[in-house]
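**Q** I'd like to ask you about the structure that follows.
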Amino acid sequence: MNDTISCEACGWMAAFCSALAFGSFGVPIKSKQAMSVDVDPLVFQSYKTIMVFLTSWLVLLGGEELSFSPWGIVSAAFWVPGGIATVYAIKTAGLAIGIGVGACFIVLVSFIWGIFIFQEHVHSHFGASFAIFCMIGGLCGMAYYSSPESTNSSSSSSSGGDDNDINSVIGAGAESDQAQAAYSQVTTTEEDETDHNAADDDAVVVISSIRTSDDPFDHEPNNEDDFDDELSSGHIQGVPSAAAAIPYEIIFGRKIAKRKLGILAAALVTGVWGGSILVPMKWAKSNKTQGVGYLISFAIGALIITTFMWIVRLCYNAYLLKSFQKAYDNLPSFHIKVMWLPGGVGGLLWSIGNFFSLISVYYLGEGVGYPLVQTSILVSGLWGIFYFQEITGARRISSWFLSASLAVCGILLLSYEHHEQ
């Protein structure tokens, strides 16, 4: 009995440490360094993958035996796309809501797997379900009140309606001041220029004068056609491009706000898809690949899947540009001189969170351990309130803490419902 209590205590402590790390790993994404180069989500995910791979071998120093399970590749196939979506959501929708929305759906997916598929034991399915819904309700409220308020867009002039709408989306999308300035410059140019070709020529001259990065991963376009390709794709290396500053994407001929796409990516890709990240560990037959022993398999799989994602990105560019050379030149830069520190710190924090999440799931199960880890939104929300000031006003802050209290109630109820067989 004492051993059982001790094991559950280890699981709860691990969940707390994991939530602390997971709630903080996104902070470097919003750092001045990352925002100054408009770091691509795949690039930041690559930094995370590299740190996960390097740190995973440290478990050997703790007495774990070297072992590999191909299920680690399956887990990585859930994690890498979800990680890319998380970075995109944080950049476009904000830290608290980007992590929060994904966490809500991860809780739901993990609960379904653990309780209804793996038949993990609870006092009652009704009580556990109620606890999960309390957590989800609290997390949703926290995510909602963590989103920045839209800028004042009320205007009596109908001609300025589109501009006000765009500005409000930029504010809600947590874009950098530099990106907003770039967008303002673009809109001013569009109003002043009457000849489209002349505007393109001016843009090439401006970008040519700015691109001075000596980063070995920066690919310098060879001619004006390459600049046109980069302008159209929004991947100007080294500076926030005009396309990157525009707060919407054109999908199937319709303008969709990047903030909405970020929230959708967090819900569907990070949450629904990425919520199954630790499920394959259940099917790893060897005891050597359970818990922290699974880290090496997962890290190798992450390296494989991330490399595969770069190949897919290259092939997609080649399809659009009809040239592999242009496709390679158009790949996003790693910006090593700028991003090595924020990228490394972000990857290290995620790796720490992943390490403790494995321990939590090992002792508490998929249905309880992994949902508890997703309370990392408490941490990301605090970062948003006190550091990035994403939440302002006493009413919104108090509403956020009220939602957080509901989530904590769900956590406590869930701890009561869970028990060992």
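The values are calculated or read from the model by the stated rules, or taken from the named source; none is laboratory data. None of the values given here were measured: they were computed from a predicted structure. Note: ideal-geometry Cβ built from the backbone for every residue, glycine included; neighbour counts use all protein chains shown. Each accessible area value is taken on the protein alone, full model and side chains, heavy atoms only, with ligands, DNA and RNA left out. Shrake-Rupley method; radii C 1.70, N 1.55, O 1.52, S 1.80 Å.
**Q** Check THR306 against each of (1) crowded, with 22+ Cβ neighbours inside 10 Å; (2) more than 26 Å from GLN33 (Cα to Cα) and name the one condition it does not meet.
**A** All conditions are met except number (2).
**Q** Further question on the same structure: How about the range 105-150: which of its residues are without any contact (Cβ under 8 Å) to a residue 12 or more places away in the chain and of a type in the set (A, V, I, L, M)?
**A** If the condition is that a residue be without any contact (Cβ under 8 Å) to a residue 12 or more places away in the chain and of a type in the set (A, V, I, L, M), then ILE112, ILE117 are the ones that fit.
**Q** In the set SER147, SER155, SER159, which member is among the hydroxyl-bearing types (Ser, Thr, Tyr), at pLDDT below 80 and under 26 Å from the mean Cα position of the chain (by Cα)?
**A** SER147
**Q** Another question, then. Restricting the range 247-286 to residues that are in contact with a Phe, Trp or Tyr (Cβ under 8 Å, 6 or more places away or on another chain), assigned to a helix (DSSP H, G or I) and among the charged types (D, E, K, R), which is most open to solvent (accessible area, probe 1.4 Å)?
**A** LYS282
**Q** Kindly indicate whether any position in the range 58-72 is buried (at least 23 other Cβ atoms within 10 Å of the Cβ) and in a helix (DSSP H, G or I).
**A** Checked against the condition, which is being buried (at least 23 other Cβ atoms within 10 Å of the Cβ) and in a helix (DSSP H, G or I), the range 58-72 yields at least one hit.
**Q** Please go through the range 351-363 and give me each residue that is open to solvent by less than 20 Å² (accessible area, probe 1.4 Å) and either out of contact with any Gly (no Cβ under 9 Å at 6 or more places or on another chain) or within 17 Å of ALA407 (Cβ to Cβ) (or both), ordered by number.
**A** Scanning the range 351-363 gives SER351, ASN354, SER360.
**Q** Condition (residue is touching a Pro at 6+ places or on another chain (Cβ under 6 Å) and either open to solvent by less than 20 Å² (accessible area, probe 1.4 Å) or more than 19 Å from THR270 (Cα to Cα) (or both)) applied to the range 118-133: is it met by at least one residue?
**A** No, the conditions are met nowhere in the range 118-133.
**Q** Something else now. Among the residues of the range 5-23, is any in contact (Cβ under 8 Å) with a residue 24 or more places away in the chain and assigned to a loop (DSSP other than H, G, I, E, B)?
**A** yes
**Q** Sticking with this structure for a sec: Quickly run through the range 90-131 and pick out the residues that are over 22 Å from the mean Cα position of the chain (by Cα) and farther than 20 Å from MET281 by Cα.
**A** VAL122, HIS123, SER124, HIS125, PHE126, GLY127, ALA128, SER129, PHE130, ALA131
**Q** I would also like to ask the following. Under 24 Å from the mean Cα position of the chain (by Cα) and not polar (S, T, N, Q): is that true of LEU61 in this structure?
**A** The answer is no for LEU61.
**Q** Check whether at least one residue in the range 407-417 is open to solvent by 10 Å² or more (accessible area, probe 1.4 Å), among the charged types (D, E, K, R), touching a residue at least 12 places away in the same chain (Cβ under 8 Å) and assigned to a helix (DSSP H, G or I), and report yes or no.
**A** Yes, the range 407-417 contains at least one residue that is open to solvent by 10 Å² or more (accessible area, probe 1.4 Å), among the charged types (D, E, K, R), touching a residue at least 12 places away in the same chain (Cβ under 8 Å) and assigned to a helix (DSSP H, G or I).
**Q** Out of all the residues in the range 355-375, which are small (Gly, Ala, Ser) and either within 17 Å of ALA131 (Cα to Cα) or in contact with a strand residue (DSSP E or B) (Cβ under 9 Å, 6 or more places away or on another chain) (or both)?
**A** If the condition is that a residue be small (Gly, Ala, Ser) and either within 17 Å of ALA131 (Cα to Cα) or in contact with a strand residue (DSSP E or B) (Cβ under 9 Å, 6 or more places away or on another chain) (or both), then GLY365, GLY367, GLY369 are the ones that fit.
**Q** Among the residues of the range 35-57 satisfying the criterion of being among the charged types (D, E, K, R) and on the phi < 0 side of the Ramachandran plot, which is most open to solvent (accessible area, probe 1.4 Å)?
**A** For the range 35-57, the residue satisfying everything is ASP40.
**Q** Of all residues in the range 356-410, count the ones that are among the charged types (D, E, K, R) and at pLDDT 80 or above.
**A** Here the count works out to 2.
**Q** Quick check on the range 322-345. Is at least one of its residues under 30 Å from ALA131 (Cβ atoms) and open to solvent by less than 40 Å² (accessible area, probe 1.4 Å)?
**A** Scanning the range 322-345 turns up no residue that is under 30 Å from ALA131 (Cβ atoms) and open to solvent by less than 40 Å² (accessible area, probe 1.4 Å).
**Q** Considering only the range 85-108, I want to know if a residue exists there that is surrounded by fewer than 21 Cβ atoms within 10 Å (Cβ to Cβ) and closer than 18 Å to GLN374 by Cα.
**A** So far as the range 85-108 goes, yes, one or more of its residues are surrounded by fewer than 21 Cβ atoms within 10 Å (Cβ to Cβ) and closer than 18 Å to GLN374 by Cα.
**Q** If you don't mind, there's one more thing I want to ask. Does PHE386 satisfy the condition of being within 28 Å of TYR145 (Cα to Cα), under 22 Å from the mean Cα position of the chain (by Cα) and without any contact (Cβ under 8 Å) to a residue 40 or more places away in the chain?
**A** Yes, satisfied.
**Q** Here are the criteria: (1) within 15 Å of the chain's Cα centre (by Cα); (2) buried (at least 24 other Cβ atoms within 10 Å of the Cβ). Tell me which single one PHE78 does not satisfy.
**A** (2)
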